[in-house]
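Asks: Got a structure here, written out as structure tokens. Questions coming.
The values are calculated or read from the model by the stated rules, or taken from the named source; none is laboratory data. These numbers were taken from a predicted model, which means no experiment stands behind them. Because the Cβ atoms are built from the backbone with ideal geometry, glycine has one as well, and the counts that use them run over all protein chains shown. These accessible areas exclude ligands, DNA and RNA; they are computed on the full protein's heavy atoms, side chains included. Shrake-Rupley method; radii C 1.70, N 1.55, O 1.52, S 1.80 Å.
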Amino acid sequence: MFKRRDRLPIGQVLWQAIWPRGGWARAAIYVKHRLRRLPDTPRKISRGILVGVFTTFTPFYGLHFFVAAGLAFIVRGNVMAALLGTFFGNPLTYVPIAVVSLNLGHWMLGSRMDREVDENIFGKFFGAGEDLFWNSWYAVTGHPVDWTATAIFYDDVFLPWMVGGIIPGIFTGIAAYTICLPLIEAYQRRRRGALKKKLDEIRRKAAARAAEKKAREQTKAGVASLKEKGHG
């Protein structure tokens, strides 16, 4: 019989989503380990990392994996590397990414945050989500729909974030590519050297065992020949 696992309290689940068990440093080490061992060329892996990091500067939260995979396919990068690259976006970097992208986006568009409607960015995210949920229900039940919160979210958050996140996303992605490419190349060269050394050692041992076996057979043959001569 299977032993039933106790469910974690909701607070602990939410906390682990923000701060994983072992901390973000351990998570970063795991991602680095996985990236280095991907079975692909260093350039493809680095291109995947580039688009994965770039994706974290877009406002498509909840869809970053799909966006990163699509971009990796377009630039012929490693899809798994792109998915791992999205871990650049985490609770430690979300705030600076949002601040830079939103401020740059509003500056480029010549607009500003509508603080009179809602000063909280997350409130605007939730407002758009509530619009989607309730208006879908209202469309089925025949009630009038209201997309005011979604319009505010689009004008104040989504469009400025999308426009403002392009430039820092590209620069950060290129920086990640520039840093990761030589590191991955060096790691793969070192790993190939270690594997070649191990394979040469296996071949050397196999050759030694074959030579030893041949020598034993020759010895046995010599002993048998001497016995035959002795009987003769």
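Asks: What number comes out for accessible area per residue over segment 84-209 if the probe is 1.4 Å? Units Å², please.
Replies: 67
Asks: Now for a separate question. Describe numerically, in nm with one decimal, the distance between label points set 7 Å from Cα along Cα→Cβ at Val99 and at Thr219.
Replies: 7.8
Asks: A further question follows. Could you work out what % of the accessible surface of segment 124-226 is carbon and sulfur, using a 1.4 angstrom probe and leaving DNA, RNA and ligands out of the count?
Replies: Answer for segment 124-226 is 69 percent, counting heavy atoms of protein chains only.
Asks: Kirkwood Rh, Cα Rg: Rg to Rh for segment 92-189?
Replies: 1.19
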